[in-house]
1. Exactly one condition in (1) loosely packed, with under 13 Cβ neighbours inside 10 Å; (2) modelled with pLDDT under 90 is not met by residue 75; state its number.
2. For the stretch 1-38, which residues satisfy the criterion of being over 22 Å from the mean Cα position of the chain (by Cα), at pLDDT 80 or above and among the charged types (D, E, K, R)?
3. On the given criteria, is residue 68 more than 24 Å from residue 38 (Cα to Cα) and either at pLDDT below 90 or hydroxyl-bearing (Ser, Thr, Tyr) (or both)?
4. Residues in the stretch 85-98: is at least one out of contact with any helix residue (DSSP H, G or I) (no Cβ under 9 Å at 6 or more places or on another chain) and over 30 Å from residue 39 (Cα atoms)?
5. Contact list please: Cβ distance under 9 Å, first residue in the stretch 17-39 and touching a residue at least 24 places away in the same chain (Cβ under 8 Å) and not assigned by TED's automatic domain parsing to the domain that holds residue 115, second residue among the β-branched types (Val, Ile, Thr) and surrounded by 11 or more Cβ atoms within 10 Å (Cβ to Cβ), pairs at least six apart or on different chains.
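The values are calculated or read from the model by the stated rules, or taken from the named source; none is laboratory data. Predicted model only: the values in this text are computed from it and were never measured. We place every Cβ from the backbone using ideal geometry, glycine too, and count neighbours over all the protein chains shown.
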Amino acid sequence: MRRFSWLRTPGRPEEVCRGYLEQFLLRAYRVTDDNGRPLFAFKLHQFISGGGKVYATLEAPGKREITLDGQQFVAGDRSRHLYNLHFCRDCGQEYVPVWDVDGAEGRAFERRNIDERQPRMMA
């Protein structure tokens, strides 16, 4: 992981500065116009496009299933969903675009396109 020297402020720990910046960016992103679109759009990562697709379960690294085969579930186990993985072109950080929703059976994660910024409105 790259260290950002500009985050360091004399007398303040890096973790405190990083936390403050993260909170600021997230709060700024939540400010919307009359149409509900964020006024301040930011991206922490630029994602690699093209090439093949990688799919994985949402389990912890070392336990999750990873495949190049485009499917919705782990072969032979329909209780384990597969999701598209995207990777930052700068640092390689993986990213799984999902919607965190409250479903009939509790908390659930629904697949979403990496370009989607707001949940789809249900008809």
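1. (2)
2. Scanning the stretch 1-38 gives 14, 33, 34.
3. Numbers: more than 24 Å from residue 38 (Cα to Cα): yes; either at pLDDT below 90 or hydroxyl-bearing (Ser, Thr, Tyr) (or both): yes.
For residue 68, the condition - more than 24 Å from residue 38 (Cα to Cα) and either at pLDDT below 90 or hydroxyl-bearing (Ser, Thr, Tyr) (or both) - is met.
4. Taking the stretch 85-98 as the starting set, the residues that turn out to be out of contact with any helix residue (DSSP H, G or I) (no Cβ under 9 Å at 6 or more places or on another chain) are 85-98.
Next cut, over 30 Å from residue 39 (Cα atoms) only: none.
No, the stretch 85-98 has no match at all.
5. As it stands, the answer is 38/32, since those pairs meet every condition given.
Residues are listed down the side, and each one gets a yes or a no for (1) aliphatic (A, V, I, L, M); (2) assigned by TED's automatic domain parsing to the domain that holds residue 114; (3) assigned to a loop (DSSP other than H, G, I, E, B):
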{"site": "58", "(1), (2), (3)": "yes, yes, yes"}
{"site": "63", "(1), (2), (3)": "no, yes, yes"}
{"site": "69", "(1), (2), (3)": "no, yes, yes"}
{"site": "78", "(1), (2), (3)": "no, yes, no"}
{"site": "84", "(1), (2), (3)": "no, yes, no"}
{"site": "99", "(1), (2), (3)": "no, yes, no"}
{"site": "102", "(1), (2), (3)": "no, yes, no"}
